[in-house]
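In what follows, a structure is listed as structure tokens, so that the remarks can point back to it.
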Amino acid sequence: MSDIYLEVNLHNLYYNLSKIKEQLSNDTMIMAVVKGNAYGHGSVEIAKALSGDVNYFGVGLLDEGVELRKNGLELPIFLMGPTEEFDIVYENNITMSICSLNQLRKLIDWTENNKKTIKFHLKVETGMNRFGIDYDQLEEVKSLCEKATCAILEGVYSHFATTYKNNRSYVLGQKEKFDKYITFFNQHYNGLIYHICNSENTIDYKEAHYNMVRLGNALYGPCNSKKRIGLKKIADIRAKIIYSKSIKAGEHIGYGNSYKSKQDKTIGIVPMGFYCGMGLIKKPIGSKFGSVIIYYLKEIYRYLFRNKTVIFYKGKPLEILGRPNMQYTIVDITGLDDPDEIMVEIKISPIFVKENIKRTYISEVKS
């Protein structure tokens with residue numbers, strides 16, 4: 001067995017999907033978002049596991065969609081990020097996102113010149129202010145689409161900038177804008193797919209489901225929704241203590257002599273460091289006062305308690321001694337039997353776990 005691996009519990013994945021489906025109408029389609037290597041869980045295996053229970057896969061990069069196709073996934077794949085590599089999109093039967101008039105013109109020109117059909121969803125601006133067509137551009141969109149014979153409008157979508165839990169009025173305002181777009185398109189098209197909900201708003205805001213929702217982090221564990229539906233974490237990082245030794249009171253440990261032992265200890269080395277997220281914390285971007293205060297409170301907590309609850313052995317927290325290195329972390333294993341056989345559990349987000357670390361997949365129920 002590998003010295004370190006990410007164990008993904010597919011039973012919990014299916015459980016989470018079933019709990020989310022309880023919030024949906026029977027005719028609501030599901031896009032399973034597997035971008036970022038399925039949030040670190042392994043996009044191909046997660047997609048294979050979900051392929052019989054969802055309607056669409058969502059990816060952020062064209063390469064991610066190509067990888068799914070190369071591994072035999074046949075469900076529709078929606079590329080959420082912009083691209084002009086239309087030949088690769090066509091060859092892999094990927095549905096595009098179009099977020100500007102210029103991009104739409106280029107897609108139409110390519111498909112008409114090559115007599116090849118590509119489906120797309122139009123991204124419309126409702127308040128995220130990242131990608132999207134503005135409402136006053138819709139007549140030109142309509143005019144371009146009417147002339148196109150090979151670029152097929154399949155859907156219209158947008159993206160909530162926040163959650164119903166954290167800023168209800170802003171979410172309501174975005175929905176109102178999205179409804180205005182829908183009214184326009186319903187006057188000119190039939191059977192379009194409409195979607196705006198991410199995981200949190202799928203759980204908290206049923207009125208915004210339309211006929212498809214996009215599920216990302218809720219598939220993989222508890223998310224930041226106001227309503228709690230009992231979602232379960234689906235992955236654990238497990239690692240072997242690859243080396244152990246005894247040290248005396250007064251000895252230093254780690255770079256910069258960052259830890260000085262007050263007593264005799266047995267220490268163990270875990271083959272995982274800050275390269276895979278050990279000891280990292282999200283830092284607020286911008287100057288929003290509340291976010292900055294929360295960040296520094298967490299930093300004070302981390303300083304006082306020294307990350308004591310990141311690495312566990314049989315449910316017992318192991319203290320991290322000194323600072324995590326790039327690929328190794330030193331922990332206190334004093335009093336534990338047979339250090340050479342110890343497997344620890346590491347509680348960090350799988351999204352930090354590099355792809356060179358093995359993923360294993362289990363389907364059984366675990367307590």
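The values are calculated or read from the model by the stated rules, or taken from the named source; none is laboratory data. Just so we're clear, the structure is a prediction, and the values are computed from it rather than from any experiment. Because the Cβ atoms are built from the backbone with ideal geometry, glycine has one as well, and the counts that use them run over all protein chains shown.
Among the residues of segment 168-193, write down those that are farther than 30 Å from ASN224 by Cβ, part of a loop (DSSP other than H, G, I, E, B) and of a type outside the set (S, T, N, Q).
Narrowing segment 168-193 to residues farther than 30 Å from ASN224 by Cβ: 183-191.
Add one more test, that the residue is part of a loop (DSSP other than H, G, I, E, B), and what stays is 187-191.
Listed by number, the residues that qualify are HIS188, TYR189, GLY191.
If you filter segment 227-269 down to residues that are over 30 Å from THR360 (Cβ atoms), of a type in the set (Ser, Thr, Tyr) and surrounded by 14 or more Cβ atoms within 10 Å (Cβ to Cβ), you find that the one that is modelled with the lowest pLDDT is TYR259.
One line per residue, one yes/no per condition, for (1) modelled with pLDDT of 90 or more; (2) of a type in the set (Asp, Glu); (3) assigned to a strand (DSSP E or B):
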position: VAL331; (1), (2), (3): yes, no, yes
position: THR334; (1), (2), (3): yes, no, no
position: ILE348; (1), (2), (3): no, no, no
position: ASN356; (1), (2), (3): no, no, no
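Evaluating LYS123 against the criteria (1) charged (D, E, K, R); (2) in contact (Cβ under 8 Å) with a residue 60 or more places away in the chain; (3) crowded, with 21+ Cβ neighbours inside 10 Å leaves one unmet condition, (2). The residue pairs whose first member lies in segment 217-230 and is among the polar types (S, T, N, Q), whose second member is crowded, with 18+ Cβ neighbours inside 10 Å, and whose beta carbons are closer than 6 Å, counting only pairs six or more residues apart or on different chains, are ASN217/SER199; ASN217/CYS223; ASN224/GLU200; SER225/GLU200; SER225/ILE203; SER225/ASP204. Taken as a whole, the structure leaves LEU122 outside the set of residues that are assigned to a helix (DSSP H, G or I) and of a type outside the set (D, E, K, R). For segment 50-62, does any single residue satisfy the condition of being among the β-branched types (Val, Ile, Thr), closer than 17 Å to GLY221 by Cα and modelled with pLDDT of 95 or more? Within segment 50-62 (the criterion being among the β-branched types (Val, Ile, Thr), closer than 17 Å to GLY221 by Cα and modelled with pLDDT of 95 or more), the answer is no, since none of the residues qualifies. Residues in segment 311-367 that are surrounded by 14 or more Cβ atoms within 10 Å (Cβ to Cβ) and at positive phi: GLY322 only. Within the option set LEU107, LEU153, being part of a strand (DSSP E or B), modelled with pLDDT of 95 or more and buried (at least 20 other Cβ atoms within 10 Å of the Cβ) holds for one residue only, LEU153.
Within segment 211-219, does at least one residue satisfy the condition of being closer than 22 Å to ALA32 by Cβ, in a helix (DSSP H, G or I) and either modelled with pLDDT under 95 or in contact with an Asp or Glu (Cβ under 9 Å, 6 or more places away or on another chain) (or both)? Write out each step before concluding.
Just the residues of segment 211-219 that are closer than 22 Å to ALA32 by Cβ, to begin with: 211-219.
If we keep only those that are in a helix (DSSP H, G or I) too, we end up with 217-219.
Subsequent filtering for residues that are either modelled with pLDDT under 95 or in contact with an Asp or Glu (Cβ under 9 Å, 6 or more places away or on another chain) (or both) retains 217-218.
There is at least one residue in segment 211-219 that is closer than 22 Å to ALA32 by Cβ, in a helix (DSSP H, G or I) and either modelled with pLDDT under 95 or in contact with an Asp or Glu (Cβ under 9 Å, 6 or more places away or on another chain) (or both).
Restricting attention to segment 329-367, the residues that are among the hydroxyl-bearing types (Ser, Thr, Tyr) and under 16 Å from THR266 (Cα atoms) total 2. All conditions in (1) more than 18 Å from ASN198 (Cβ to Cβ); (2) surrounded by 22 or more Cβ atoms within 10 Å (Cβ to Cβ) hold for ALA32, with the sole exception of (1). Considering segment 95-127 alone, what residues qualify as being among the hydrophobic types (A, V, I, L, M, F, W, C) and more than 24 Å from ASP63 (Cβ to Cβ)? Listed by number, the residues that qualify are LEU101, ILE108, VAL124. Determine, yes or no, whether GLY52 is free of Cβ contacts under 8 Å to residues at least 40 places away in the same chain and within 20 Å of the chain's Cα centre (by Cα). No. Selection of segment 130-144 for residues being touching a residue at least 12 places away in the same chain (Cβ under 8 Å) and not basic (Lys, Arg) yields PHE131, GLY132, ILE133, TYR135, GLN137, LEU138, GLU140, VAL141, LEU144.
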